[in-house]
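The values are calculated or read from the model by the stated rules, or taken from the named source; none is laboratory data. Given the structure is predicted, the values throughout are model-derived calculations rather than measurements. Here Cβ is always computed from backbone atoms with ideal geometry, including for glycine, and neighbour counts include all displayed protein chains. Remember, those area values only see protein heavy atoms, side chains included, never the ligands or the DNA or RNA. Shrake-Rupley method; radii C 1.70, N 1.55, O 1.52, S 1.80 Å.
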Amino acid sequence: MSICFRNVTKRFGNTTVVEDLNLEINDGEFVVLLGPSGCGKTTTLRMLAGLDNATSGDILVNNQRINDVPTQHRDLAMVFQSYALYPHMTIADNIGYPLRVRKLNKTEQGERVNKVAALLEIESLLDRKPKQLSGGERQRVALARAIVREPRAYLMDEPLSNLDARLRVQMRGELKRLQYQLGTTTIYVTHDQAEAMTLAHRVAVMRKGKLQQFDTPMNIYERPANRFVAEFVGSPSMNFLEGEITKGYFVNKEIRIRLTEHQRQSLSAYNGVMLGIRPQHVRINQNRESESISARVYVTELMGNETYVFLTVGTNRIVVSAPAEFRAELESEVWLTFIGDKAHFFDVQSEARIC
Amino acid sequence: MKRLGKYIALFVAVLIAVAPVYWMLTISLKLEVDQFASPPAWFLFSPTVAHYTDAFVTRSFGQYLLTSAIVAIVSTISALVIGTLAAYSLARFHLPHNLDNKLSLWILSTRMFPAIVTAVPLFLMMRDLRLINTRLSLIIVYTGFNLPFVVWMMRGFFAELPRDLEEAALVDGDSRFGALWRVVLPLVAPGLAATAVFCLIVSWNEFLFALVLTQTDAAMTLPVGIAGRVTQYEIKWGVMSAAGAVALVPILAFALAVQKYLVRGLSLGAVKG
């Protein structure tokens, strides 16, 4: 099922929650709406489900406008953040609810419930009540209820956010596998960039009701449309340094980075710019090298497979992702080498990416 | 020591609640000689069922009981049906200019004046509708009087219920009414039961309007029938107590039956894990 948002705006009173959203989602695609809380991603999903009405604009499904189609006739399945399992029904009744509502005959209902329960490995829970289940089990039941009737699309509102870290990573993988098996269009809302990057075919990054970028995870990471996207995606966050362009160099009080030929051309019209560089693209050394910059260790965090080193360079704060075996005393002097061709440059005013 | 104090307080509370009932029960079983004995015969007297046969065999208290039951049950059900639907709408759908809240307050305002001011208008209306001395008149009046209470009670229960559940039902393909019937109502059943008990008690015990609107044996309710035993020449304490004791039974039975629903908390812990 293809989905299209065309100039969709949603206001609650005087607050604009979603502003002029344009989004085209292809059949079978897994799209993640990513953004901080309050960015309008959940409202976007709810408008698609028909739980909220768009103030203006059109929402199209398979090229047909569905703004005025009531929720129950849209044939979408939704997994809520709270799971929203019906507490007074058994798990079997919960999963079978969409079939019961559609008045399927009893034997087929049972068969389909059992099939889905087997797929999600929850057969042993069918006679229990939601209250007796763990978070992970409830999550599976919510998924089963969505899958059981083979809807036109799945809408998922932060379905993993109530799980503990280990389970979240496990379920993330299973969700991806499931979507691959079913091939059903899926819209997934999250504020967790790791979920977005791992699950999505394409990610729509939103901020304050506005779509910032809609692209593949790779492009979002490597060619962020603006400073917000660059900062929101990637861990730890990208470093930002303000400075000027002079004679083929990015320069500020303490830092000098040589530009590549391509960067030099793109930046020729600019004077002041914002440089962004990921922690993975700064090399850290105990010894001075040519074109390296002196920095002072502020704090180090050993993550196991790597070490995050937080540094000060004059007034600039920089975080670097160093190898796990990197050791340095706090306040000791180290040397940084910026991998210049991995740097991004942003317009200081508009924050849009220049190159 | 602290525990003992608690038990004493409990005992006093129970005594205050139960003593009048006990007194009524004993009176209904005493011969008139024992009823007025001084000092009172608290425990030892020769019991008799004469007052019960007098009330329910000789006089038409059976008829009053039936009327009371019909009126109370039908009015409670109608108030619950209408009130619950109204409460659900007021809890879930928002009208412009905060009209839903104003409407709720307006509904409540009908309970703010003393009921007796409406006695004469209601009598005139029922007379014009030719409903005097009918059960229907009482059903209409009691439904009207219980409605504000039902709306406010149920609105509170609905407001507490997470919207996610109904929305899940809608997304699952159910209609608004289906979601209400299959998901919402089962979850507010405890609230529904508590509200029903209250409505039933109010309708069952109501005296003023029953007295104004019904005068015949066929349409009279139990409270009016009982009060009718206070006459110019004598007060039939035995008959009145016997009828009172019987009037107690259905309400008590219903309250006991729904007791487990009166304990709230069915839906707690249902949504968030």
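Remarks
- Any chance residue A:188 is among the aromatic types (Phe, Trp, Tyr) and either in contact with a Gly (Cβ under 7 Å, 6 or more places away or on another chain) or open to solvent by less than 20 Å² (accessible area, probe 1.4 Å) (or both): yes
- Cβ-Cβ under 6 Å pairs, at least 6 apart or on other chains, the range B:123-137 side within 22 Å of residue B:68 (Cβ to Cβ), far side of a type in the set (Gly, Ala, Ser) and part of a helix (DSSP H, G or I): B:126/B:137; B:131/B:137
- Residue A:336, sole failed condition from (1) open to solvent by less than 40 Å² (accessible area, probe 1.4 Å); (2) in a loop (DSSP other than H, G, I, E, B): (2)
- Only one of B:21, B:74 that is under 30 Å from residue B:192 (Cβ atoms), within 22 Å of the chain's Cα centre (by Cα) and outside the structural domain of residue B:198 (by TED's automatic domain parsing): B:21
- Checking each residue in the range B:8-24 for being open to solvent by 70 Å² or more (accessible area, probe 1.4 Å) and under 19 Å from residue B:245 (Cα atoms) picks out B:14, B:15, B:16, B:18, B:20, B:22, B:23.
- Matching residues in the range B:183-193 - criterion: being at the interface with chain A (Cβ under 8 Å from one of its Cβ atoms) and surrounded by 20 or more Cβ atoms within 10 Å (Cβ to Cβ): B:183, B:187
- Condition met for residue B:120 (in contact with a Cys (Cβ under 7 Å, 6 or more places away or on another chain), away from every other protein chain (no Cβ under 11 Å) and assigned to a helix (DSSP H, G or I)): no
- Test: residue in the range B:156-163 that is assigned to a helix (DSSP H, G or I), open to solvent by 40 Å² or more (accessible area, probe 1.4 Å) and away from chain A (no Cβ under 14 Å): yes
- Search result, residues across the range A:72-82 that are out of contact with any Ser or Thr (no Cβ under 7 Å at 6 or more places or on another chain) and more than 7 Å from chain B (Cβ to nearest Cβ): A:73, A:74, A:75, A:79
- Of all residues in the range A:1-32, those satisfying the criterion of being polar (S, T, N, Q), open to solvent by 20 Å² or more (accessible area, probe 1.4 Å) and in a strand (DSSP E or B) are A:7, A:15, A:16, A:22.
- Scanning the range A:311-333 for residues that are of a type in the set (Gly, Ala, Ser), assigned to a strand (DSSP E or B) and either modelled with pLDDT under 90 or open to solvent by 10 Å² or more (accessible area, probe 1.4 Å) (or both) yields one hit, A:321.
- Once the range A:102-139 is narrowed to residues that are within 12 Å of another protein chain (Cβ to nearest Cβ) and open to solvent by 30 Å² or more (accessible area, probe 1.4 Å), the residue that is nearest to residue A:178 (Cα to Cα) is A:137.
- Set A:83, A:154: member being within 29 Å of the chain's Cα centre (by Cα) and assigned to a loop (DSSP other than H, G, I, E, B): A:83
- Strands (runs of 3 or more DSSP E) lying entirely in the range A:245-291 (those with 2 or more residues that are touching a strand residue (DSSP E or B) at 6+ places or on another chain (Cβ under 8 Å) and surrounded by fewer than 19 Cβ atoms within 10 Å (Cβ to Cβ)): A:249-251, A:256-258, A:282-285
- Check on residue A:78, more than 17 Å from residue A:9 (Cα to Cα) and assigned to a loop (DSSP other than H, G, I, E, B): no
- Odd one out for residue B:81 among (1) farther than 30 Å from residue B:176 by Cα; (2) modelled with pLDDT of 90 or more: (1)
- Residue identified as modelled with pLDDT of 85 or more, within 17 Å of the chain's Cα centre (by Cα) and not acidic (Asp, Glu) among B:243, B:227, B:247: B:247
- The set of residues from the range A:162-177 being modelled with pLDDT under 90 and open to solvent by less than 40 Å² (accessible area, probe 1.4 Å) comprises A:163, A:167, A:171.
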